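Here's the structure, in structure tokens; my notes come after.
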Amino acid sequence: MAFLGIKIPHEVGRLLKSIEVPGKKEPDSEYHITIAFFGDDWPVSDAAKTLETTFETLKNFKPFKVKTQKITCFPKGEGGGVPILAKVESEELHKLEKKLKAAYDKEDIEFSKTHKDFKPHITLSYSGKEIDEEKIEPIEFMVHEIVLWCGDNGDDRLFVTFPLDGKQKKNAFLINKAEVFYALAKDPKAFFKQTTDRRLIVR
């Protein structure tokens, strides 16, 4: 599985975790805001192109604020559960999402278009029934980075982080990208075993 999104800071995750919601709660370590979903079987060629396109699109973006103040749900999904979620508000996030997806379309990078409208959210739990929308005390935080998640399990995961500071260096990015994909192409299993934290920060 591969997707681009925002990791929720630990202190914000603790606040969200304390909210009473029905169903089986998601681990707060898994809280995130999805921006673009690339699917379960992602070709290395697409991943390489996505890294560079994302870098070029985000390199002039500055950190921005997001807020949640409502708990709601989506309709029952294919897996049988009702996603209970915290709605996310941010004009800058919507601008970023539109710009990224326009860039992906231009470069013929495939991503999920199942949902026509972008509805940023943080999934808190999965319940057996839908709930009414409820207001909560506002929770705000700054977004300083965008993360590309690849893989489902601990030993098979790769995280690529794009800091939103406007100071990323193109040459360093290209070197890092080349090193990662050379290692992945040569021996994916060995790469993940040798890379203890499996994190790449694109600067």
Original post:
Please state the Cα pair-distance histogram of segment 1-131 with 10 angstrom bins from zero: what percent is in each bin?
Top reply: 11, 39, 35, 15, 1
Original post:
Could you give the radius of gyration (one decimal) and Dmax (whole number) of the Cα atoms in segment 64-104, in Å?
Top reply: 13.5, 35
Subject >> Over segment 74-135, relative contact order from alpha-carbon pairs under 8 Å, at least 6 apart, % >> reply: 56 percent
Subject >> Extension reserve of the residue 69-residue 42 stretch, reckoned as 0.36 nm per residue once the Cα distance is removed >> reply: 6.3 nm
Original post:
Which value does Rg/Rh take for segment 1-64 over its C-alpha atoms, Rh per Kirkwood?
Top reply: 1.08
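Laboratory data are not the source of any read-out in this text; all were calculated from the coordinates shown. Just so we're clear, the structure is a prediction, and the values are computed from it rather than from any experiment.
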